[in-house]
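In what follows, a structure is listed as structure tokens, so that the remarks can point back to it.
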Amino acid sequence: MILITDILSLTLDELTQVLLNMGEKKFRALQIYEWLHKKRATSFDDMTNLSSALRKKLAQECFIGSLKVVRKLESQSDNTVKFLYELSDGNHVETVLMQYEHGDSLCVSTQVGCKMGCRFCASTIAGFKRSLEPSEILLQLYEAERSTGRKVSSIVLMGIGEPLDNYDNVIKFLNILSSENGTNMSLRHVSLSTCGLVDRIYDLAKLDLGLTLSISLHATNDVKRSELMPINNRYNISELMKACYDYFSATGRRISFEYALIDGENDSLEDAKALASLVKRMPSHINIIPVNKIKERSFTSNRRSAQRFCKMLCDLGVNATVRRTLGADIDAACGQLRREYEI
């Protein structure tokens, strides 16, 4: 059986080896890499500075992946655009393009579904199917820019899936994204959100990529967090916070903590005091998120309660803000569109 190579998932070093194995000169790999990631070629026939023989050989041994846009929702209030993409195997993922004063930011998915089982999250309800290849993460960026004509200036790995549960493919994606011969996006413009896979946080710290680590915390004690987030049964809050402190010590990068506010669950003054105590050892930022309403859960909150909780934290000396709500008129929170489409 001949394996067809997913050429968009190859780093430049890997592509170079593929070309050398074909008997080609090393410089050809750089030409092809730039066609793929700078010029965004969708066919080998587009690569006009390659010989027809090489283009034919590439088409026989490799493929350039693609995503199909099956839904595209555009907000009438804030220029948010939500995409539902169909993958080559018929699975679906979501991507959200958001406009901020500093530029356009793209929230990408890293898996089809999620294993983590967080009780307030729509992404986990439809079940986990598989992890995405580096090319499938990258194509969310390429297709969003093609479809809208807008230039993305930052990436948030905060869509469907747990990025650190797809660690190797996510790291390859980041390598390709930041390559000076490709998209050349500084990883200081990338945020990676995790529910707290402690072992992978340590692995990430060793790489010192310069990205922003965002921790989905959502509770201040183990009993409550384990109820909301089953991952806490594997890595408790004490272990998670130690990993965060060690990450900061190793990289010098401020940690961002996401806190989905749920009425009656984690919104008391006691919760605010406990949260302030947890983060006091390191430079950090608390991002308070009014929980999204999903029909399978009874959790609720609103912007007013989020502002109230934010004031509690600020009064305690904590750097905290309430996340701006974008794309409310198109249900832009990740997981909802995929779940409704596949029902």
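Side notes on the structure shown:
- Only the Cβ atoms of Lys and Arg (+1) and of Asp and Glu (-1) were treated as charged; on that basis the dipole of the stretch 94-181 about its Cα centre amounts to roughly 240 debye.
- Beta bridges per DSSP with both ends in the chain, % antiparallel, nearest 5: 40
- Simple point charges give the picture: +1 on the Cβ of Lys and Arg, -1 on the Cβ of Asp and Glu, and for the chain a dipole about the Cα centre of about 380 debye.
- Note: relative contact order over the stretch 171-301, using C-alpha pairs below 8 Å and six or more positions apart, is 22 percent.
- Measuring nothing but how far apart in sequence close Cα pairs (under 8 Å, 6+ apart) lie, relative to its length, the stretch 5-63 scores a relative contact order of 36 percent.
- Net charge over other residues, Cβ less than 12 angstrom from the Cβ of Pro134 (K, R count +1; D, E count -1): -4
- Cβ-to-Cβ counts within 10 Å put Lys273, Lys224 in ascending order as Lys273, Lys224, the fewest first.
- An oblate overall shape is assigned to the stretch 85-141, the ratio a/c of its alpha-carbon gyration tensor axes (a ≥ b ≥ c) being 1.5 or greater and a/b not exceeding b/c.
- Restricting the calculation to Cα atoms, every distinct pair contributes to the Kirkwood radius of the stretch 83-207, found to be 14.9 Å.
- The stretch 68-342: relative contact order in percent, alpha carbon pairs under 8 Å with at least 6 residues between: 18
- For the stretch 1-135, size of Cβ-based charge dipole, Lys and Arg +1, Asp and Glu -1, in debye: 260
- Cα-based reach from Lys57 at 12 Å (exclusive), listing aspartates and glutamates while leaving out same-chain residues under 8 positions away: Glu24, Asp45
- Listed cross-link partners Lys206/Lys280; Lys242/Lys280; Lys68/Lys129; Lys82/Lys151 are compared with a 20 Å cut-off, the Cα-Cα value being larger for Lys206/Lys280.
- Counted charge near Met229, where neighbours are those whose Cβ lies closer than 13 Å (Asp, Glu -1; Lys, Arg +1): 0
- The HN-Hα couplings worked out from phi for the stretch 117-129 by the Karplus form 6.51 cos²θ - 1.76 cosθ + 1.60 (θ = phi - 60°) are x, 4, 5, 9, 9, 6, 5, 8, 5, 6, x, 8, 10 Hz, whole numbers, x standing for Gly and Pro.
- Net charge of Cβ neighbours under 13 Å - reference Ala29; Lys, Arg +1; Asp, Glu -1: -1
- Only DSSP H runs of four or more residues enter the estimate; each adds -39500 (n - 2.57), and after division by the residues of the chain the mean residue ellipticity at 222 nm equals -11000 deg cm²/dmol.
- Least to most buried among Ile160, Ile231, Ile237 (fewest other Cβ within 10 Å first): Ile237, Ile231, Ile160
- Loop-resident GluC sites (Glu not before Pro) (DSSP state other than H, G, I, E or B) in the stretch 41-146 with no more than 16 further Cβ atoms inside 10 Å of their Cβ: Glu101.
Only the coordinates and a few stated rules stand behind these numbers; no lab work does. Predicted model only: the values in this text are computed from it and were never measured. Ideal geometry is used to build each Cβ from the backbone, glycine not excepted, and the neighbour counts take in all protein chains shown.
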